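Taking it in order: structure first as structure tokens, then the write-up.
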Amino acid sequence: MKNTFLIAIMLFSVISIFSSCKDDDTDTPCTETTWYEDADGDGLGNPDSSQEACDQPEGYVADNTDPDDTSCAETTWYEDADGDGLGNPNVSQEACEQPEGYVADNTDTDEGGSSLTVIDVDEALFLADGTDFTITTVDCTLSDGTVTICYQIVTNGVPTDHDMGPWCPNNIADGADAGGIWLEGGEVYDVDGAFIENMATFYGDNTWLMYDGNGDIYTTDTEEDCGNAANPNVGEEYQNFCVECLPSYVTDLTQTYLIPVTPVRLDTPVDFAMMGPMGGDGPSVRGLAFNGVRFDAAAPTDAILGAYTLAPFDDAGGHINLAAGYHYHAATGVSTTIDQTDGHAGMIGYAMDGHAIYARLDANGEEPTDLDECRGHYDDIRGYHYHVDAAGNNNFINCLGGAYAN
Ligand SMILES: [Zn+2]
Ligand SMILES: [Zn+2]
């Protein structure tokens, strides 16, 4: 027994010496265990992908109970419906392996062959009457060079779905129904008698005094006054006037608009034209309501106020000037709205690129959270479309996501 024990010790020593000579390092012996891949990083390992090791390898765990470990890193794949090797940034799925018809690229914004929904302008939604408000189709070329067909919309700008005015109350004792609204700092204010009475306080400037000793409010009352008071370089004689241009001043006006029948998305949005060096190349008109009234560029409220005039909007968000006729600066929900059956916000008109414009809030009173820089987004029912800005912001949409008719 003793000999056997000694032999065993000697044998062990020889093995140890041999072993350390061979490895020439100081590692202590270890017991290898099985480690399971945790590709999705949830701490649970994939039972079908393992390795033996003493120490836990990077990306592996001892657990082997992950039922859905893909043993790969999922990446985003973009639909390439037109087979040009470029993927559609708006249609994607996550997968380990490249799905059929999908590519890693996401730079294809060409609609050709895309499965994206594109909705044509529905001519029948406009309240055209065939005389004062007509719609015909004409050949047209869009801003991106697309040669296509446009609706040519000719209107006298008179809404047939609601009254125009009132704008200026007569006396500081008048209630809200005697006047329109004013937009300031994102808020909509009723222009009632009290608003006029309170203007010096509201704007922190005692120059404001828009009424006489009887409380009667100074209001333009001729076409000439309307034209003069609306001039940015208004004379001092029009200071402290409420500017009210009446429908009777603009009965001879007609406006002609071109809107592509089929909207064409662009890689880069089109900025609207504005006065001054910051203006974009696009149109200044944002779009049209179904009654043919334009959703116009922001009212120059700073210039209006700087001249100590007030040019209120009526409750529909519109007012009149001699060049443009009746036009909107805010969407207040008064003009025709097409309700949607799925709880989506109602449709209020079309932008100049032929994409539809919807109200800001859905049936639950909520604004979409995924709007792009133009205030647009996409769904499969409506295609690309806009949601209008809050009325108090003196704005509708921020840019055009599609080409407009030149
Ligand atoms: Zn205006
Ligand atoms: Zn929407």
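I'd like the orientation of helix 2-23 relative to the chain: the angle between its Cα long axis and the longest Cα principal axis, in ° from 0 to 90, rounded to 10.
Compared with the principal axis, the helix lies near 40 degrees.
Given a Förster distance of 30 angstrom, what is the FRET efficiency for L371 paired with L322, based on the Cβ-Cβ distance and rounded to 0.05?
The calculated FRET efficiency here is 0.30.
³J(HN,Hα) across segment 173-184 via Karplus (A = 6.51, B = -1.76, C = 1.60, θ = phi - 60°), whole Hz, x for Gly/Pro?
Once θ is set to phi - 60°, the couplings for segment 173-184 become 8, 5, x, 5, 6, 8, x, x, 9, 10, 10, 8 Hz.
Just D315, D38, D389 to compare: in a GNM of the chain, with alpha carbon springs under 10 Å, which one fluctuates most?
D38
Kindly write out, for segment 119-129 in residue order, the coupling ³J(HN,Hα) from the Karplus curve 6.51 cos²θ - 1.76 cosθ + 1.60 (θ = phi - 60°), rounded to whole Hz, with x marking Gly and Pro.
Running phi through 6.51 cos²θ - 1.76 cosθ + 1.60 with θ = phi - 60° gives 9, 5, 4, 9, 3, 5, 6, 6, 8, 5, 10 Hz.
If each of Q340 and T207 carries a label point 7 Å out from its Cα toward its Cβ, how far apart are those two points in nm?
In this crude spin-label approximation the distance works out to 4.5 nm.
At q = 0.06, 0.08, 0.13 Å⁻¹, what is the log10 ratio I(q)/I(0) for the chain, with the Debye formula run over Cα points and no solvent?
The calculated log intensity ratios at q = 0.06, 0.08, 0.13 Å⁻¹ are -0.42, -0.59, -1.10.
Using helices alone, I'd like the mean residue ellipticity at 222 nm for the chain: each DSSP H run of four-plus residues gives -39500 (n - 2.57), total over residue count, nearest 500.
-3000 deg cm²/dmol
Is segment 358-406 best put as rounded, prolate or oblate by its Cα gyration tensor, with a ≥ b ≥ c the root eigenvalues, rounded for a/c under 1.5, and otherwise prolate when a/b is larger than b/c, oblate when not?
Judged from the Cα gyration tensor, segment 358-406 comes out oblate (a/c at least 1.5, b/c at or above a/b).
I'd like the Karplus ³J(HN,Hα) series for segment 192-209: coefficients 6.51, -1.76, 1.60, θ = phi - 60°, whole numbers in Hz, and an x wherever there's a Gly or Pro.
Karplus-based 3J(HN,Hα) across segment 192-209 equals 9, x, 5, 4, 5, 4, 9, 4, 4, 6, 4, 9, x, 8, 6, 5, 5, 7 Hz.
Could you please rank D302, D80, placing first whichever residue has the fewest other Cβ atoms within 10 Å of its Cβ?
D302, D80
What's the FRET efficiency of S284 with T75 using the Cβ-Cβ distance as r and R₀ = 30 Å, to the nearest 0.05?
Approximately 0.10, to the nearest 0.05.
When all alpha-carbon pairs of segment 74-190 are counted, what percent fall beyond 20 Å?
That fraction is 69 percent.
Please compute the modelled spin-label separation between Q56 and D380, points set 7 Å along Cα→Cβ, answer in nm with one decimal.
Spacing of the two 7 Å Cα→Cβ label points: 4.2 nm.
What is the spin-label model distance, in nm, from D221 to E94 if the labels are put 7 Å beyond Cα along the C-beta direction?
Placing both labels 7 Å along Cα→Cβ, they lie 6.9 nm apart.
Bear in mind that the values in this text are calculations on the coordinates, not laboratory data. Since the structure is predicted, the reported quantities are computational estimates derived from the model, not experimental observations. Neighbour counts are summed over all protein chains in view; Cβ atoms, including those assigned to glycine, are modelled from backbone coordinates with ideal geometry.
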